[in-house]
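Let me begin by presenting the structure, written as C-alpha coordinates, before commenting on it.
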Amino acid sequence: MPVAHFHLIDGTFTIDQRRRLLTEASHCYAQVLDSPLDRVRTFVVPHTPDDAATAGVLISGGGDPAPYFTAIVLAGRSLEQRQRLASRFTDLLVDILEVPRSVVRGQIVEVDPNNWFIGGVAAAAMRAEEIAARTDSTSA
(Lines give C-alpha, C1' and ligand atoms only; values in the text may rest on other atoms or scores of the structure.)
Protein backbone atom coordinates (compact mmCIF):
# COMPACT_ATOMS: atom_id res chain seq x y z
CA MET A 1 0.00 0.00 0.00
CA PRO A 2 2.76 2.51 0.67
CA VAL A 3 2.81 5.17 -2.05
CA ALA A 4 5.03 8.25 -2.27
CA HIS A 5 5.07 11.13 -4.72
CA PHE A 6 8.11 13.38 -5.08
CA HIS A 7 7.26 16.66 -6.80
CA LEU A 8 10.33 17.87 -8.67
CA ILE A 9 11.06 20.58 -11.23
CA ASP A 10 11.99 19.37 -14.71
CA GLY A 11 15.58 20.02 -15.68
CA THR A 12 16.70 20.63 -12.11
CA PHE A 13 17.81 17.14 -11.12
CA THR A 14 19.58 14.46 -13.16
CA ILE A 15 18.02 11.19 -14.23
CA ASP A 16 20.50 9.40 -11.96
CA GLN A 17 19.37 11.49 -8.97
CA ARG A 18 15.71 10.76 -9.70
CA ARG A 19 16.36 7.04 -10.14
CA ARG A 20 18.35 6.88 -6.92
CA LEU A 21 15.62 8.79 -5.08
CA LEU A 22 12.92 6.39 -6.25
CA THR A 23 14.95 3.30 -5.41
CA GLU A 24 16.17 4.45 -2.00
CA ALA A 25 12.79 5.88 -1.04
CA SER A 26 11.18 2.52 -1.83
CA HIS A 27 13.57 0.68 0.48
CA CYS A 28 13.22 3.36 3.15
CA TYR A 29 9.44 3.13 3.03
CA ALA A 30 9.47 -0.66 3.37
CA GLN A 31 11.92 -0.48 6.25
CA VAL A 32 10.19 2.25 8.25
CA LEU A 33 6.71 0.75 7.85
CA ASP A 34 7.89 -2.87 8.05
CA SER A 35 6.09 -3.48 4.77
CA PRO A 36 6.98 -5.90 1.97
CA LEU A 37 8.98 -4.06 -0.70
CA ASP A 38 6.73 -5.41 -3.46
CA ARG A 39 3.85 -3.32 -2.07
CA VAL A 40 5.74 -0.01 -2.25
CA ARG A 41 5.15 2.45 -5.10
CA THR A 42 7.20 5.63 -5.57
CA PHE A 43 6.76 8.26 -8.26
CA VAL A 44 8.45 11.41 -9.44
CA VAL A 45 5.82 13.97 -10.36
CA PRO A 46 7.51 16.39 -12.76
CA HIS A 47 6.55 20.05 -12.98
CA THR A 48 7.77 22.54 -15.54
CA PRO A 49 9.54 25.63 -14.18
CA ASP A 50 6.51 27.66 -15.36
CA ASP A 51 4.07 25.49 -13.37
CA ALA A 52 5.57 25.94 -9.91
CA ALA A 53 6.54 28.78 -7.61
CA THR A 54 8.22 29.17 -4.24
CA ALA A 55 7.74 32.28 -2.13
CA GLY A 56 5.57 33.69 -4.92
CA VAL A 57 8.31 33.49 -7.54
CA LEU A 58 7.96 31.16 -10.52
CA ILE A 59 10.81 28.70 -10.74
CA SER A 60 11.36 29.91 -14.31
CA GLY A 61 11.79 33.41 -12.87
CA GLY A 62 14.42 32.42 -10.32
CA GLY A 63 12.33 30.74 -7.63
CA ASP A 64 13.97 28.00 -5.60
CA PRO A 65 13.16 24.55 -7.08
CA ALA A 66 12.28 23.19 -3.65
CA PRO A 67 11.13 19.55 -3.61
CA TYR A 68 7.90 18.45 -2.00
CA PHE A 69 6.75 14.92 -1.09
CA THR A 70 3.51 13.20 -0.20
CA ALA A 71 3.57 9.80 1.47
CA ILE A 72 0.38 7.80 1.82
CA VAL A 73 0.00 5.35 4.71
CA LEU A 74 -2.91 3.37 6.05
CA ALA A 75 -4.48 4.90 9.15
CA GLY A 76 -3.23 3.32 12.33
CA ARG A 77 0.48 3.83 11.74
CA SER A 78 2.10 5.30 14.84
CA LEU A 79 3.09 8.95 15.07
CA GLU A 80 6.68 7.77 15.53
CA GLN A 81 6.57 5.84 12.24
CA ARG A 82 5.07 8.78 10.36
CA GLN A 83 7.64 11.20 11.80
CA ARG A 84 10.48 8.81 11.02
CA LEU A 85 9.25 8.39 7.44
CA ALA A 86 9.02 12.16 6.91
CA SER A 87 12.49 12.62 8.41
CA ARG A 88 14.01 9.86 6.28
CA PHE A 89 12.39 11.18 3.07
CA THR A 90 13.71 14.64 3.89
CA ASP A 91 17.19 13.17 4.43
CA LEU A 92 17.00 11.43 1.04
CA LEU A 93 16.01 14.63 -0.74
CA VAL A 94 18.80 16.57 0.95
CA ASP A 95 21.44 13.91 0.33
CA ILE A 96 20.49 12.81 -3.18
CA LEU A 97 19.26 16.07 -4.70
CA GLU A 98 21.73 18.21 -2.76
CA VAL A 99 19.13 20.75 -1.67
CA PRO A 100 19.09 22.65 1.63
CA ARG A 101 17.00 20.92 4.31
CA SER A 102 15.14 24.19 4.91
CA VAL A 103 13.51 24.12 1.44
CA VAL A 104 12.08 20.58 1.66
CA ARG A 105 8.38 20.25 2.42
CA GLY A 106 6.28 17.13 2.79
CA GLN A 107 3.25 15.51 4.26
CA ILE A 108 2.11 12.11 5.44
CA VAL A 109 -1.46 11.36 4.43
CA GLU A 110 -3.35 8.74 6.40
CA VAL A 111 -5.98 6.79 4.48
CA ASP A 112 -8.72 4.70 6.05
CA PRO A 113 -8.20 1.05 5.00
CA ASN A 114 -11.81 1.00 3.77
CA ASN A 115 -10.92 3.76 1.30
CA TRP A 116 -7.72 2.24 -0.13
CA PHE A 117 -8.00 -0.44 -2.79
CA ILE A 118 -5.57 -3.08 -4.00
CA GLY A 119 -6.70 -4.84 -7.13
CA GLY A 120 -10.20 -3.53 -6.52
CA VAL A 121 -10.40 -4.92 -2.98
CA ALA A 122 -10.46 -2.68 0.09
CA ALA A 123 -7.28 -2.90 2.13
CA ALA A 124 -9.42 -3.51 5.24
CA ALA A 125 -10.76 -6.72 3.69
CA MET A 126 -7.29 -7.78 2.55
CA ARG A 127 -5.92 -7.16 6.05
CA ALA A 128 -8.66 -9.32 7.54
CA GLU A 129 -7.80 -12.11 5.11
CA GLU A 130 -4.06 -11.86 5.88
CA ILE A 131 -4.67 -11.91 9.64
CA ALA A 132 -6.97 -14.95 9.27
CA ALA A 133 -4.36 -16.74 7.13
CA ARG A 134 -1.63 -16.05 9.71
CA THR A 135 -3.90 -17.30 12.52
CA ASP A 136 -4.69 -20.47 10.55
CA SER A 137 -1.00 -21.17 9.84
CA THR A 138 0.08 -20.71 13.46
CA SER A 139 -2.68 -22.94 14.82
CA ALA A 140 -2.00 -25.72 12.32
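The values are calculated or read from the model by the stated rules, or taken from the named source; none is laboratory data. Keep in mind that this is a model prediction, so the values were computed, not measured. As a convention, Cβ positions derive from the backbone with ideal geometry for all residues, glycine included, and neighbour counts pool all protein chains shown. Areas reflect the complete protein model, heavy atoms only, side chains present, ligands, DNA and RNA absent. Shrake-Rupley method; radii C 1.70, N 1.55, O 1.52, S 1.80 Å.
Sorted by mean Cβ packing within 10 Å, highest first, what order do the peptides 17-25, 32-40 take?
For the peptides 17-25, 32-40, the packing ranking is 17-25, 32-40.
Give me the net charge of I9's neighbourhood, meaning all other residues with Cβ under 15 Å from the Cβ of I9; Lys, Arg count +1, Asp, Glu -1.
-3
Given +1 on the Cβ of Lys and Arg, -1 on the Cβ of Asp and Glu, and no further charges, what dipole in debye does the chain carry about its Cα centre, rounded to the nearest 20?
Using Cβ point charges on Lys, Arg, Asp and Glu, the chain gives about 180 debye.
Expressed as cubic angstrom per residue, what is the convex hull volume of the alpha carbon set of the chain?
127
What whole-number distance in Å separates the alpha-carbon centres of the stretch 1-72 and the stretch 95-128?
What the calculation gives is 13 Å, centre to centre.
Listed highest first by mean packing, meaning other Cβ atoms within 10 Å per residue, what order do 108-120, 3-15, 69-81 come in?
3-15, 69-81, 108-120
With a cut-off of 8 Å between alpha carbons and a minimum separation of six or more residues, what is the relative contact order of the chain in percent?
Once divided by the residue count of the chain, the mean separation gives 26 percent.
How much length, in nm to one decimal, is gained on full extension between T14 and R39, taken as 0.36 nm per residue of separation minus their Cα-Cα distance?
6.4 nm
If I stretch the segment between V103 and D91 completely, what's the gain in nm (0.36 nm per residue apart, minus their alpha carbon distance), one decimal?
Between V103 and D91, full extension yields 3.1 nm more.
Out of all DSSP beta bridges with both ends in the chain, state the antiparallel percent to the nearest 5.
40
Of the heavy-atom accessible surface of the stretch 1-92 (probe 1.4 angstrom), what whole percent is carbon and sulfur?
Here carbon and sulfur together make up 53 percent of the probe-accessible area.
Can you give the helix-only mean residue ellipticity at 222 nm for the chain, where every DSSP H stretch with n ≥ 4 adds -39500 (n - 2.57) and the sum goes over all residues, rounded to the nearest 500 deg cm²/dmol?
-13500 deg cm²/dmol, from helical runs alone.
Gain in length, I118 to I72, computed as 0.36 nm per residue apart minus the alpha-carbon separation, to one decimal in nm?
Taking I118 through I72 to full extension adds about 15.2 nm, to one decimal.
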